[in-house]
1. If you scan region 57-74, which residues turn out to be more than 16 Å from Glu122 (Cβ to Cβ) and loosely packed, with under 11 Cβ neighbours inside 10 Å?
2. Where residues in region 39-51 are in a strand (DSSP E or B) and of a type outside the set (A, V, I, L, M, F, W, C), which of them is surrounded by the most Cβ atoms within 10 Å (Cβ to Cβ)?
3. Sort out which residues of region 91-139 are under 14 Å from Leu37 (Cβ atoms) and in contact with a helix residue (DSSP H, G or I) (Cβ under 9 Å, 6 or more places away or on another chain), and write them in order of number.
4. Select the strands (runs of 3 or more DSSP E) contained entirely in region 52-139, then report the ones holding at least 1 residues which are in contact (Cβ under 8 Å) with a residue 24 or more places away in the chain and charged (D, E, K, R).
5. What is the one condition in (1) part of a strand (DSSP E or B); (2) within 11 Å of the chain's Cα centre (by Cα) that Thr6 does not satisfy?
6. So which residues in region 8-38 are small (Gly, Ala, Ser) and surrounded by 18 or more Cβ atoms within 10 Å (Cβ to Cβ), if there are any at all?
7. Mind listing just one residue for me: the one in region 79-137 that is of a type in the set (Phe, Trp, Tyr) and crowded, with 17+ Cβ neighbours inside 10 Å and, of those, farthest from Gln3 (Cα to Cα)?
8. Between Ile24, Ile33, which is at pLDDT 95 or above and either part of a helix (DSSP H, G or I) or closer than 11 Å to Tyr119 by Cβ (or both)?
Amino acid sequence: MRQDITTLTIATHGQGLIAVTREIIGWVEQTQITDGLLTVFCRHTSASLLIQENAAPEVRTDLQHFFARLAPEDPRAYAHDDEGPDDMPAHLRTALTQVQLSIPVAGGRPVLGTWQGVYLFEHRRAPHRRQIVLHLLGA
C-alpha cells in the first residue's frame, strides 16, 4: 500500500466552474499508483467541488444561474457580509454542494464516466487563488 499527496493551486477569474480534471489525471498518472482511492479536497468555504457534465458548456451556465436564484446576492437577506454582498451567498452555495470528493482509481486513472469532469466551483465574483488537496491511497 502506498500513498501520495499534493496541492493544486487554481487561479479563478470570478464566479464559474473551472475544469480541473486534466490536472487531477496528470497528477494521478505521475504517482504511478494504479489502483486505489483518490480524495479531492477544496480548502475553502466560498468555493466547492463538483463532478459534472463535461461536454455541454450550457450545463455549467445553467448551474450558475440555478445557484444564483437559490442563494441570491441580496444584502437585505443576510447578516454576514464581511467581504461584500457575494460573501454569504458564496458560503450558502458551498454548503449546498461539497468540498470533498472520493473517486476510485483503476488502471492508473480516476474512474470517471464518459461525460463526467471534475470542477472547482468558484462562488465569489473576485478572482482568487484556490487550493485543492489531492490524496491518493492505493497500490
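1. Glu58, Arg69, Asp74
2. Ser48
3. Of everything in region 91-139, those that are under 14 Å from Leu37 (Cβ atoms) and in contact with a helix residue (DSSP H, G or I) (Cβ under 9 Å, 6 or more places away or on another chain) turn out to be Ile103, Val105, Gly108, Arg109, Pro110, Leu112, Leu134, Leu136, Gly138.
4. Fully inside region 52-139 and qualifying: 116-122, 129-138.
5. Thr6 satisfies every listed condition except (2).
6. Of everything in region 8-38, just one residue is small (Gly, Ala, Ser) and surrounded by 18 or more Cβ atoms within 10 Å (Cβ to Cβ), namely Gly36.
7. Here the answer is Phe121.
8. Only one candidate qualifies: Ile24.
The values are calculated or read from the model by the stated rules, or taken from the named source; none is laboratory data. Because the structure is a prediction, the values reported are computed rather than measured. Quick reminder, even Gly has a Cβ in these numbers, built from the backbone with ideal geometry, and neighbours come from all protein chains shown.
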